[in-house]
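Let me begin by presenting the structure, written as structure tokens, before commenting on it.
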Amino acid sequence: MSAPAVGTMAPEFELTNQHGEKISLASFRGKKNVVIIFYPFAFSGICTGELCSLRDDLSAFHNENVELLAISCDPMFSLKAFAEHEGYKFSLLADFWPHGEVAKAYGVFLAERGMASRGTFIIDKSGAIAWSVLNGPGEARDVAAYKAALAKL
């Protein structure tokens, strides 16, 4: 399955965050733009570096106009430990079961490895995909690129 195109409606989802709370994409419609970051695994090197760079510049990605949601196929308890260890103050969502269903809907699930690739999607307040970029598992993302995309909304 390929990634949804810019300008199309983002696939809806409801996942559990690291605190056991249900978070739905629809809950932000009309209220906030949403940055969705798919990443392969909690505690892995590149993923930790990317999420730490977001943590260290959090006000750009998590404020009154923007919600940051980071999604992996890890179980909730792993995400809780990961968030506590790294001091993440944003939602880490578990796309654990059915395994990778949301990653599949966004065209970033790597079935042969059981994980999400690195996909970044900016969803505008209407629920449409405003910007996206796909990177391979070993390719770090350019945080400045999605800051620039957010600035245009």
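In a fully extended conformation the segment linking Glu21 and Cys52 would gain 9.0 nm over its present Cα-Cα distance, using 0.36 nm per residue.
Computed over the chain, the per-residue total of -39500 (n - 2.57) for DSSP H runs of n ≥ 4 gives a 222 nm mean residue ellipticity of -7000 deg cm²/dmol, rounded to 500. Stokes-Einstein diffusion for region 11-51 at 37 °C, viscosity 0.692 mPa s, with a Kirkwood radius from C-alpha pairs, works out to 272 µm²/s. As a ratio to 2.2 N^0.38 Å, the alpha-carbon radius of gyration computed for region 43-89 takes the value 1.14.
Taking label points 7 Å from Cα along the Cα-to-Cβ direction, Lys89 and Lys31 give a separation of 1.9 nm. Counting only GluC sites (Glu not before Pro) that DSSP places in a loop and that have at most 13 other Cβ atoms within 10 Å, the longest clean stretch of the chain runs over 65-111. Diagonalising the gyration tensor over the Cα atoms of the chain and scaling each eigenvalue by 5 before taking the square root yields semi-axes of 20, 17, 16 Å, largest first. Once each of the trypsin sites (Lys or Arg not before Pro) sitting in a DSSP loop with at most 13 other beta-carbon atoms within 10 Å is removed, the chain keeps 32-88 as its longest stretch.
Every number in this text was worked out from the coordinates using simple rules, so none of it is lab data. Every value quoted in this text rests on a predicted model; they were computed, and no experiment measured them. Neighbour counts run over all protein chains shown; Cβ positions are idealised from the backbone, glycine included.
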